[in-house]
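Data first, discussion second: the structure below is written as structure tokens.
No lab work stands behind these numbers, since they all come straight from the coordinates. All of these numbers come straight from a predicted model, not from anything done at the bench. Heads up, the Cβs are rebuilt from the backbone with ideal geometry, glycines too, and the neighbour counts pull from every protein chain shown.
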Amino acid sequence: MNAIEVHGLRRVYRARTGVLGRKVKQVLAVDGIDFGVAQGELFGLLGPNGAGKTTTVKMLTTLLTPTEGQAHVLGWDLVREADQIRSHIGFVFGGERGLYWRLSGYDNLVYFANLYHVPPQMQKQRIPQLLELVGLEDRGDEKIQGYSRGMKQRLHIARALLHDPEVLFLDEPTMGLDPVGARELRNTIRDLQSERKTILLTTHYMFEADALCQRIAVINRGKIVAMDTPAGLKRHVQDLSVVEIETFGIPPEAVEHIRTLKGVDTVSVENRDQKQALLVHSGDGAASVAPVVNTLEGLGLRVGSVVVREPTLEDAYVRLVGGET
Ligand SMILES: Nc1ncnc2c1ncn2[C@@H]1O[C@H](COP(=O)(O)OP(=O)(O)OP(=O)(O)O)[C@@H](O)[C@H]1O
Ligand SMILES: [Mg+2]
């Protein structure tokens with residue numbers, strides 16, 4: 001049995017519009033998704049802003065009712081058996097608040113353990129173990145007002161594990177952390193896997209999904225557009241080569257025009273410091289360099305370095321979400 005099983009899950013929000021907020025508009029956030037997560041698997045839901053990741057996690061953690069479709073967590077029905085699900089899962093939402101900053105890390109965990117009815121005897125054993133698991137064993141006695149953002153986020157993970165849930169949902173766990181904090185947190189997530197937890201993680205960082213997840217579902221505009229292992233996603237772009245052209249101030253019309261050139265698959269623009277990089281995915285390899293450069297120069301744009309390289313997992317992602325990242 002899969003730990004998580006999702007069939008045709010949909011969610012429509014009613015958003016208020018108009019100056020007085022009296023009009024109501026329907027927003028389709030999750031548009032009929034299907035997937036399964038095996039017990040002990042670390043599964044990634046990867047997608048750009050607004051793709052429907054948080055909405056999916058909120059439904060699976062019973063915080064939001066689905067508009068349509070079914071899902072089971074550990075065999076329990078999401079809607080009819082929400083209470084059972086709640087007592088067997090843990091979740092952490094990115095940038096989440098809700099810790100008590102005047103209390104130490106340890107006492108925060110005691111507070112939540114009482115809330116979750118973890119018996120005191122078990123708390124004494126479990127809290128030090130959890131502090132160690134998230135790398136806070138030396139800092140547990142300090143008030144969390146002095147914790148860094150990454151430390152707080154790791155304490156949140158410890159908090160989510162207090163009742164020893166079998167399934168853990170992490171919504172953008174490394175959001176807002178610096179590279180070092182993010183790396184430490186990813187190590188913590190890897191350690192959780194050795195505790196044989198099933199983990200569903202959302203992220204919009206391709207490399208994070210690649211580094212952590214056994215399988216990845218790419219979600220865009222509420223739909224799953226691909227689901228595979230990181231290696232499988234890479235195979236999806238084997239036939240592509242990527243032309244990276246450094247440029248400055250490229251207008252949207254030029255991007256549109258380049259999209260229509262022969263052999264061009266997807267086009268995207270990345271902002272890098274003062275410059276821009278135009279990424280052209282092409283089945284024709286180096287043959288598409290000249291027409292693209294000609295187009296840019298024809299518009300009077302400055303062209304810097306031009307590189308033709310092998311596709312990466314990031315490119316697979318860009319291709320899947322149609323270059324609109
Ligand atoms: N409470 C709400 N009311 C109306 N629309 C909403 C609400 N919450 C989310 N949405 C819309 O649903 C869609 C999906 O949002 P969601 O937060 O699930 O995306 P996400 O993939 O988590 O994005 P991000 O990477 O920005 O966190 C978006 O279009 C969003 O604007
Ligand atoms: Mg989100």
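See the values below:
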read-out	value
Over 16 Å [Cα-Cα, region 227-325], rounded percent	52 percent
Rounded tilt (10° steps) of 105-115 against the dominant C-alpha axis of the chain	70 degrees
Stretch in the chain that is longest and holds no trypsin sites (Lys or Arg not before Pro) that DSSP places in a loop and that have at most 16 other beta carbons within 10 Å	103-195
Cβ charges +1 (Lys, Arg) and -1 (Asp, Glu), total dipole of region 236-320, debye	140 debye
Amide hydrogen neighbours beyond the local backbone of Ala3, cut-off 5 Å, H modeled	Val37, Ala38, Gln39
Centroid-to-centroid separation of region 156-211 and region 256-274 [C-alpha atoms, Å]	33 Å
Kirkwood Rh, Cα atoms: Rg over Rh of region 148-302	1.09
Mean ellipticity per residue at 222 nm, deg cm²/dmol - from DSSP H runs of n ≥ 4 across the chain, formula -39500 (n - 2.57)	-9500 deg cm²/dmol
Size-normalised alpha-carbon gyration radius of the chain, reference 2.2 N^0.38 Å	1.15
Only Lys, Arg (+1) and Asp, Glu (-1) charged, at Cβ; region 1-71 dipole about Cα centre in debye	680 debye
Tilt relative to the chain, helix 289-298 - C-alpha long axis, 0 to 90 degrees, to 10	80 degrees
Sites Leu103 and Ala287 - FRET efficiency at Förster radius 51 Å, r taken between beta-carbons, to 0.05	0.20
10 °C / 1.306 mPa s Stokes-Einstein diffusion coefficient of region 1-147, Kirkwood radius on C-alpha pairs, µm²/s	88 µm²/s
Rounded Å value of the spacing that divides the Cα centres of region 98-112 and region 1-48	32 Å
Antiparallel %, DSSP beta bridges [both residues in the chain], to 5	70 percent
Förster-model FRET efficiency, 56 Å R0, Thr67 and Val306, C-beta, rounded to 0.05	0.70
C-alpha long axis of helix 120-133 to longest principal axis of the chain, angle in °	30 degrees
Given charges at beta-carbon only (K, R positive; D, E negative), |dipole| of region 4-229 in Debye	1080 debye
